[in-house]
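The values are calculated or read from the model by the stated rules, or taken from the named source; none is laboratory data. A quick note: this is a predicted structure, and the numbers were derived from the prediction, not measured. Note: ideal-geometry Cβ built from the backbone for every residue, glycine included; neighbour counts use all protein chains shown. Please note that ligands, DNA and RNA were not included when accessible areas were found on the heavy atoms of the full protein model with its side chains. Shrake-Rupley method; radii C 1.70, N 1.55, O 1.52, S 1.80 Å.
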Amino acid sequence: FKAPSRDHPALYRDLLRTNRVHWIAEEPPAELVREKMMECLFRFRHQMALVPCVLTLNQDGSVWVTLVKPARAITPGQFAVFYKGDECLGSGKILRMGPSVYTLQQGKNREESPKKEEIDKIEPAT
């Protein structure tokens, strides 16, 4: 897929799934086990700014990562790295991604656009 521009909404995603996460200090963190969810920070490229996210733990040790704001150009095969403050919690390989911002916008536009019958019912303003 080649997007028309570097900032095209098709390049942005806010949901991804990793394989089984390799946790560094705690396997997996107690908060994540207890709550099944945990807020932390995420990056998938070495120099990129950390992005707030929510991890949801799956039975197989993988996680769903929901980003607070969509990130650009996330690709399967890259590693998602998780942090609490400056501490690296662990990482997992990105396996799947949720729909792009573009796909979500298309769906929203379809839901919001009135159907022809509804347009016909609208009385002209007098």
* Which of the residues spanning region 58-82 are open to solvent by 40 Å² or more (accessible area, probe 1.4 Å), in a strand (DSSP E or B) and out of contact with any Asp or Glu (no Cβ under 9 Å at 6 or more places or on another chain)? -> Trp64, Phe79
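Residue by residue, here is whether (1) charged (D, E, K, R); (2) touching a strand residue (DSSP E or B) at 6+ places or on another chain (Cβ under 7 Å) holds:
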| site | (1), (2) |
| --- | --- |
| Phe44 | no, yes |
| Leu50 | no, yes |
| Leu55 | no, yes |
| Asp60 | yes, no |
| Thr66 | no, yes |
| Pro70 | no, yes |
| Ala73 | no, no |
| Pro76 | no, yes |
| Ala80 | no, yes |
* Asked: Can you name the number of the only condition in (1) open to solvent by 70 Å² or more (accessible area, probe 1.4 Å); (2) part of a helix (DSSP H, G or I) that Ala25 fails?
  -> (2)
